[in-house]
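So the structure is just underneath, and the comments pick up after that.
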Amino acid sequence: MNSLFGDRKYIIGGIFLIACIAFIIRLFYMQVIDETLKLDASNETFRHVTQYPPRGCIYDRKGRLLVTNEAAYDILVTPSLVKDFDTNSFCNDLGITKTDFISGIKKATIQNTAYHASVFLKKVTPEIYASFQEKLFKYHGFTSQVRTVRRYPMKVAPHILGYIGEVNKELCARNPNYKEGDYIGISGIEESYESELRGTKGIKIMMFDAMNKEVGDYKNGKFDTLPVTGANLTCTIDAELQEYGEKLMQNKAGSIVAIDPETGEILALVSSPFYDPNMMVGSVRAKNYGKLLRDSINVPLFNRALMAMYPPGSTFKTIEALIGQQEGVLNENTAYSCPGAFHLGKISVGCDAAHGSLQLEKAIALSCNTYFCNVFMSIMNNKKYSSTEEAFNSWRRYVTSFGIGIRPDIDLPSALRGSLPTQKYYDKYHGKGHWKGSTIISLAIGQGELGVTPLQLANQASIIGNRGYYFLPHIIRSIADRPTMKKYATKHFVPIDAQFFNIVADGMCDVVNDGTAAASKIPGIVMCGKTGTAQNPNGRNNSLFIAFAPKDHPRIAVSVVIERGGWGAEWAAPIASLMIEKYLNDTIKRVEIEKKMLEGNTIQYLAEEKNAPKKKKHNAAEAKVATIKKHKHKDE
Amino acid sequence: MSDRRSNIIPHIDWFTIGIYLCIVLIGWLNIYSAVYNTTHPGIFDFSQRYGKQFVWIITGFILAFLIMVSDASFFSVFSYPLYGIIVFMDIAVRFIGKDIAGSHSWFKIGQIGIQPAELGIFAINLGLAKYLSNEKKASDEKKIRLVAAAMVLMPMLLVILQNETGVAITYTAFIFVLYREGLSGNILLGGFMLIALFILALVGNKVVLSIVLAGLALLAFLIFTRRKLKDLSKVGAILGLCLVIVFGTNYAFNHLEPHQKKRIQVFLQQNVNNSKEGYNLHQAEIAIGSGSVFGKGYLQGTQAKLNYVPAHATDFIFVTPCEEWGFVGAAFIVILYFILIIRLIFLAERQRSPFSRIYGYGVASIFFIHVAVNVGMNLGLMPVIGIPLPFISYGGSSFWAFTLLMFIFLRLDADRLQILR
């Protein structure tokens, strides 16, 4: 039989060979050709664990810490690994209710399946975490991860520093730098310097077994990347001055902006009402944010210094004086007579007093409306130009060069441009050719369609102080000890000769010495200032003041706006003088004035006004016409 | 006797032993890698599976040595008694056996469990070799065939009754032995056709399949027969049988154990949920695929080690070399087995004694069926059937059984020149 069926060994061997070849082909297909299986393997075994870098800290100009980080702990849960435990003590340890617990587990399960860790409770404070951590081993399935939250040791400058929050889904989809749950700067420096502050996330490749248990690093961390801490920033703020400004602004609505004219660095930028930046951090944030957001009277989240627009009032006369001189229609000897009001045809603009005949310096010191209406008319009727429109456009160019009506190029988000009317606007409003200098006479005294922000006002003071140039106001001095952008070191000139500034500075000096703001004189410091009282059709006027000091080579330029403060000299001027005194002398000698300012409460008028029955809402132009017709232009 | 013993050394097939040692070493290193535990890094750590496997391997070597120094005629003499004992135990286990993991197939003697089904294949191989070598020359063929078939099918049925379907499937290895010894090629072909028909019946549309079968039958009748009534009834009977199988398959399928049904569904990729019943196979495929051409490197595998692959030291051990040594390593192992099996066939063919030849074919076929089913299931070419990969899967009893099986043949082979034709 052996010989009979001997050939069958070939058939049997052949069958075995076919099986062998089939296996090798199958192996080749699975291991070499089919790519999907490889992806599946790395997807389920490796998890890329993000290592969060701490955000950069922010220091003031003198190296005082304004923003730092503090540890906070996220409690994570992997629902499938949770075993029976004492939920009561668990909830007590974390300070949550049983309902929170159940909904937290449910949310985690829905969000990320029962087999993966997801955040159960966010931003647990170190105090709570310390006691919880000791028992963590008893709670199977729960782990923790360290995150950092912002801490503000000096509790100042909330609007400047801004705050951080979780990124939204749209941004995550757009920007690969962000994953859901990451933090991002939402306002202030946190927003504008987000890319410097955030640092670089690290990736740690961890291996997980089939039970989703972490089994360690992949190849001892050979492919991991380390997180890079965000850059530390030094800002231009003088925290002490800022703090003092905030103290002065208690119970007042408005703002203070202080700039170093020699550099454009913002020394203080107060927007009041303000809040403790620590309120916008960690687990208390959601509650506080809502509270601040709902305060529609005081709108504390609104950065008035950059976003609120006020008519500049008489502070604008300084610019009129400069334009008049440059245009050759005004010089220091030009005299006009003030009978107590400016009359031109049907138009009349009131003045505080009958100043009699006066020249430019005095006119600034006393803030004579009549004088500056005449100056404005001479600019508008300049023989140089063939038409009022042409004269207006020339005037407008000068005003624009002061940064009014254009968005400031500042390294803080959402600074507004203010309002400066165009020829087109008047053509549309009055009809082409149907308006002339007298029609827009309110501009002469900084009323009408004009609107400026406190930042623009401070910059204006800084330009006058520098006799014709400015540096772009900015908030950051250096990033990780490297100076910031070059553009902040470039002089910007206004098209007005330096010589013309002297008489204006002299006038502004008189304002403080024996003019409208004589009460705010600082012994030992030659301060130049200009009051402004901006009309408010709905209630009390806004009190404005711009100033710089010393008169020559000023080291500080300030603008102060006190909403519903009344006269410029009443609140804004003393507060500005205190800021200057504080900055230049470091101590306040005028204790009486300081006390009065600290105790003052003008925010009540804002609330009263808001609560009063709403008057008919005027738009800017209507308001202007109404006030002019009533002959009620009142200014210092 | 002592003369003969000292003489056999040059006649031992050292080539086969070399391949055997190769596979054993690969197997042991693989188990080390598959269950590698950083807290017990020593490969001789006896608390770990790789340490234990080392003990099985060494004792297996001692067993092999004992076989080589024993008398070759011993195995032939003990064939029938051993076969008888195993069949008896297969029956007895029905009544006095213990249930372990759903199968009613274990004797418990103190701490030691004995599964007659596992020893069955060895006993059948010996018994069948003995029967066929004795009876061939004498009595009529029909009787021989019936007895031979019964010798395989009876224990197979008993094992199925013990719920050890996987073991029963390995018994089909003997079809190759019987074929070599004269079984009609039609039966071998019919066997393959039957499997194909089962699969088609489960996957395909039964009506279409019936029409195709009827068409084929008609063609066969018209072309290959003399178109007599006798032929018609023959073809008709085959067709009828096929149709019974086609329609009976579903009925049988629905009466399978749920886990068996699932395994077949997974194999056929019908309604498979990869996180439930399909998980094992899917994970094994992922792990194998992740190995790529050259693998991740020894001890660098992730999928099997991290327990994504179940039974990764036993039934799914093949996954680990696939993952760590890639296509190159996996193909090398497959080829190594192929060489071993072909070598065994070569050895079987050179035997003068029919007993040795038949036994040798049995060994080759048993190895083949185990490798084919195990590797096939790892690669998703076979339904999941829990049988070990010879010499590589973790486990003492299977390692011993395969070593015993092979070294008896090597002992017989070493003795081949002593036997006269």
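General remarks:
- The stretch B:203-231 and the stretch B:24-73 have Cα centres lying 55 Å from one another.
- For the cross-link pairs A:107/A:287; A:346/A:428; A:169/A:487, the ones whose C-alpha atoms lie over 25 Å apart are A:169/A:487.
- Of the three principal axes defined by the Cα atoms of the stretch A:445-537, the extents in descending order read 46, 38, 28 Å.
- Long pairs among A:384/A:436; A:155/A:595; A:98/A:135; B:108/B:261, criterion Cα-Cα beyond 24 Å: B:108/B:261
- Rounded to two decimals, the Cα-based Rg/Rh of the stretch B:189-262, with Kirkwood Rh, is 1.06.
- Neighbour net charge for residue A:201 - beta-carbon separation under 14 angstrom, K R +1, D E -1: +1
- Convex hull (Cα only) mean projected area of the stretch B:318-394, reported in nm² to one decimal: 5.4
- Legend: residues in the stretch B:156-190 shielded by at least 30 square angstrom of accessible surface upon adding the remaining protein chains to the isolated chain (1.4 Å probe, heavy atoms) are B:176, B:179, B:180, B:182.
- Unsatisfied cross-links (Cα-Cα over 22 Å) in the set A:106/A:201; B:52/B:305; A:317/A:491; A:362/A:551; A:317/A:589; A:291/A:610: A:106/A:201; A:317/A:491; A:317/A:589
- Under a model in which nothing but the beta-carbon of Lys, Arg (+1) and Asp, Glu (-1) is charged, the stretch B:189-262 shows a dipole of about 260 debye around its Cα centre.
- With a 10 Å cut-off around each Cβ of B:297-307, the average count of Cβ atoms from other chains is 4.
- Per residue, the convex hull volume that the Cα atoms of the stretch B:248-363 enclose (Å³): 156
- Between the residues A:440, A:489, A:553, the greatest Cα displacement towards the positive end of the dipole of the protein assembly as shown, with unit charges on the Cβ of Lys, Arg, Asp and Glu, is found for A:440.
- Radius of gyration and maximum dimension Dmax of the stretch A:71-149, Cα, Å: 11.5, 32
- With the convex hull of the Cα atoms taken as the outline of the stretch A:268-408, the averaged projected area works out to 12.2 nm².
- Using alpha carbons only, the radius of gyration of the protein assembly as shown set against its Kirkwood radius gives Rg/Rh = 1.29.
- About its Cα centre, the stretch A:71-149 has a charge dipole of approximately 220 debye under the convention of +1 per Lys or Arg Cβ and -1 per Asp or Glu Cβ, with nothing else charged.
- Spatial offset of the stretch B:373-421 relative to the stretch A:480-520 amounts to 99 Å, using the alpha carbon center of each.
- Computed from point charges on the beta carbon alone (+1 for Lys and Arg, -1 for Asp and Glu), the dipole magnitude for chain A about its Cα centre is near 1300 Debye.
- Computed over protein heavy atoms with a 1.4 Å probe, the accessible surface of the protein assembly as shown works out to 45 Å² per residue.
- Chain A - percent of accessible surface contributed by carbon and sulfur, probe 1.4 Å: 54
- Amide H partners (placed H, <5 Å) of residue A:124, local residues excluded: A:73, A:74, A:75
- Globularity ratio of the stretch A:409-457, using Cα Rg and 2.2 N^0.38 Å: 1.43
- Pairing chains B and A buries close to 3800 square angstrom of accessible surface in total, based on protein heavy atoms and a 1.4 angstrom probe.
- Put simply, when A:235-245, B:340-350 are sorted by average Cβ atoms within 10 angstrom per residue, most first, you get A:235-245, B:340-350.
- Hull shadow area, averaged, chain B [alpha-carbon convex hull, nm²]: 24.1
- Net charge of neighbours whose Cβ lies under 15 Å from the Cβ of residue A:157, counting Lys and Arg as +1 and Asp and Glu as -1: -1
- For the pair the stretch A:122-176 / the stretch A:441-455, the C-alpha centres are spaced 46 Å from each other.
- Across the accessible surface of the stretch B:189-262, with the other protein chains kept in place and a 1.4 Å probe, carbon and sulfur atoms take up 77 percent.
- For the stretch A:392-408, 3J(HN,Hα) computed residue by residue from phi via the Karplus equation (6.51, -1.76, 1.60; θ = phi - 60°) reads 4, 5, 5, 4, 5, 4, 4, 4, 4, 5, 7, x, 8, x, 10, 6, x Hz, glycine and proline entered as x.
The values are calculated or read from the model by the stated rules, or taken from the named source; none is laboratory data. Everything quoted here is computed from the prediction, not taken from an experiment. Glycine gets a Cβ as well: all are built from the backbone with ideal geometry, and neighbour counts include every protein chain shown. Accessible surface is based on the protein model in full, side chains and every heavy atom, while ligands, DNA and RNA are left aside. Shrake-Rupley method; radii C 1.70, N 1.55, O 1.52, S 1.80 Å.
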